[in-house]
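Input: a single structure, listed below in structure tokens.
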Amino acid sequence: QVQLVESGGGLVQAGGTLRLSCAASGRTLYSMGWFRQAPGKEREFVAAITWNGGSTLYTDSVKGRFTISRDNAKNTVYLQMNSLKPEDTAVYYCARTQTSRATMNIGDYNLWGQGTQVTVSS
């Protein structure tokens, strides 16, 4: 059973940067995504990438600031987060689909990591 483990979260000031990593315990040549959940809110889509990295998808609020990428040789997906804002504060989750397309539909994801906390101070 493949497991996903996120890392790279932390506390950063507004305008700062963080890079999240999601390491899979085995090969996962499926589309992958990042979601986030702030206290008292539903889990929301952030970004997704196809299995070969050829296509990406972002929610509007992070376009131009966040970049999703992957290294299949390392079984790892990344989320580079620049120009962070206090409203980006949340637990960030990595997830895997069983499709070949990048999707923002949470129902398409069937494997989740445990999450990593990102806190952006103003």
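The values are calculated or read from the model by the stated rules, or taken from the named source; none is laboratory data. Note that the structure is predicted; figures quoted are calculated from it, not measured. Glycine gets a Cβ as well: all are built from the backbone with ideal geometry, and neighbour counts include every protein chain shown. These accessible areas exclude ligands, DNA and RNA; they are computed on the full protein's heavy atoms, side chains included. Shrake-Rupley method; radii C 1.70, N 1.55, O 1.52, S 1.80 Å.
Just to verify a result, which residue in region 83-101, among those that are small (Gly, Ala, Ser) and at pLDDT 95 or above, is farthest from the chain's Cα centre (by Cα)? Per the stated criteria, the residue is Ser83.
Among the residues of region 8-40, those identified as under 22 Å from Ala102 (Cα atoms), of a type outside the set (A, V, I, L, M) and modelled with pLDDT of 95 or more are Arg19, Ser21, Cys22, Ser31, Gly33, Trp34, Phe35, Arg36, Gln37.
Ala73 passes all but one of (1) without any contact (Cβ under 8 Å) to a residue 40 or more places away in the chain; (2) assigned to a loop (DSSP other than H, G, I, E, B); (3) in contact with a strand residue (DSSP E or B) (Cβ under 9 Å, 6 or more places away or on another chain); which number fails? That leaves (3) as the condition not met.
Residues in region 83-93 that are surrounded by fewer than 18 Cβ atoms within 10 Å (Cβ to Cβ) and part of a loop (DSSP other than H, G, I, E, B): Ser83, Lys85.
To keep it simple, each residue is scored yes or no on (1) in a strand (DSSP E or B); (2) touching a strand residue (DSSP E or B) at 6+ places or on another chain (Cβ under 6 Å).
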site: Glu6; (1), (2): yes, yes
site: Cys22; (1), (2): yes, yes
site: Thr28; (1), (2): no, yes
site: Phe35; (1), (2): yes, yes
site: Lys41; (1), (2): no, no
site: Ala48; (1), (2): yes, yes
site: Gly53; (1), (2): no, yes
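The set of residues from region 102-114 being open to solvent by less than 40 Å² (accessible area, probe 1.4 Å), among the hydrophobic types (A, V, I, L, M, F, W, C) and not in a loop (DSSP other than H, G, I, E, B) comprises just one member, Leu111. With respect to (1) under 13 Å from the mean Cα position of the chain (by Cα); (2) surrounded by fewer than 13 Cβ atoms within 10 Å (Cβ to Cβ); (3) assigned to a loop (DSSP other than H, G, I, E, B), the lone exception for Gln117 is condition (3).
When the residues of region 41-82 are filtered to those that are loosely packed, with under 14 Cβ neighbours inside 10 Å, modelled with pLDDT under 95 and among the small types (Gly, Ala, Ser), the one that is nearest to Gly115 (Cα to Cα) is Ala73.
From the list Val77, Val12, which one is under 21 Å from Ile106 (Cβ atoms) and not aromatic (Phe, Trp, Tyr)?
After ruling out the rest, the residue left standing is Val77.
Go through the residues of region 95-105 one by one and say whether even a single one is under 23 Å from Gly15 (Cα atoms) and out of contact with any His (no Cβ under 7 Å at 6 or more places or on another chain). Within region 95-105 (the criterion being under 23 Å from Gly15 (Cα atoms) and out of contact with any His (no Cβ under 7 Å at 6 or more places or on another chain)), the answer is no, since none of the residues qualifies. Looking at region 1-40, which of its residues are open to solvent by 40 Å² or more (accessible area, probe 1.4 Å) and of a type in the set (Gly, Ala, Ser)? Correct list: Ser7, Ala14, Gly15, Ala23, Ser25, Gly40.
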